[in-house]
Amino acid sequence: MTSRLIAVVAFVALAGSIGACAKILGLEQEQQDWAFEHRAHVLEGINCLECHAGIQEAGETGPLHLPTTQQCVDCHQDPHDPSECGDCHGRERTRRAAATAKERMRFSHGQHSEAGAGDCVRCHVNVTADDDYAPITVDCGVGACASSDTSTCIDGVETPADCIPGLPAADDATCDGIDDDCDGVADENYVVDSSCGTGECQNNNTPSTCVGGVETACVPGTPSAEICGDGIDQDCSGADLSCGSVDVDGDGYSVDVDCDDTDPA
């Protein structure tokens, strides 16, 4: 039983080692962000030796023959970043792994390839796979019309992103912080409400506001003591007080029927 267990453990360890080597050698690609897109170059018919020049003569020692930034800009003459290409497209850990593989393994490319052939995909078959396909997301439209779409790669067929913006509203009068008419400005058609209150409470009200998509409602002014016969509704009752209906002395008789409205007797 013990010998069988040892054999199983040894087999698992061997399989793990082979798998790790496969990733290092590119026989099995490791998914990662911004991985180098071998497949695009292979499908363009670019010979592997254009980037990995000299690999066919490489023995068990010597350089790794990984492409330099200068080799990249020979074709990509307007790089989008001033950094070394290998800093992103081909991680430093990949270089370390390749160096470790070259140090630990006894392998000569010169014995496996015809001089100048560069037909590396016979062994490195997975460099043409879509495993590291990076979908491209395209944004379009603004405000409520904003949209996005992402490219796909299914069975080796790419469908580019086709972003279609939404339809704008006729105006943008609603105070909600959303650019409904998709012109780049939110709530610009908001109409201020200054109609609340009656009489002087309407004349002295605080109109509504719309700030940052938050509406503050109209607030009526504060009523005051009514002055009769001046045509102004100070107490916000809806009408001016007639002086004929005023009871100055408080005896229950208004000025229009009280002989002396200054004497309550």
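Coordinate-derived values only; no laboratory data. On a predicted model such as this, the values are computed, not experimentally measured, just so you know. Cβ coordinates were reconstructed from backbone atoms using ideal geometry, including for glycine residues, and neighbour counts include every protein chain displayed.
Couple of notes before you dig in:
- Summed side-chain charge close to Pro207 - residues other than Pro207 whose Cβ falls under 14 Å, Lys, Arg +1, Asp, Glu -1: -2
- Three-way shape call for the stretch 165-251 based on the alpha-carbon gyration tensor, with the a/c threshold at 1.5: prolate
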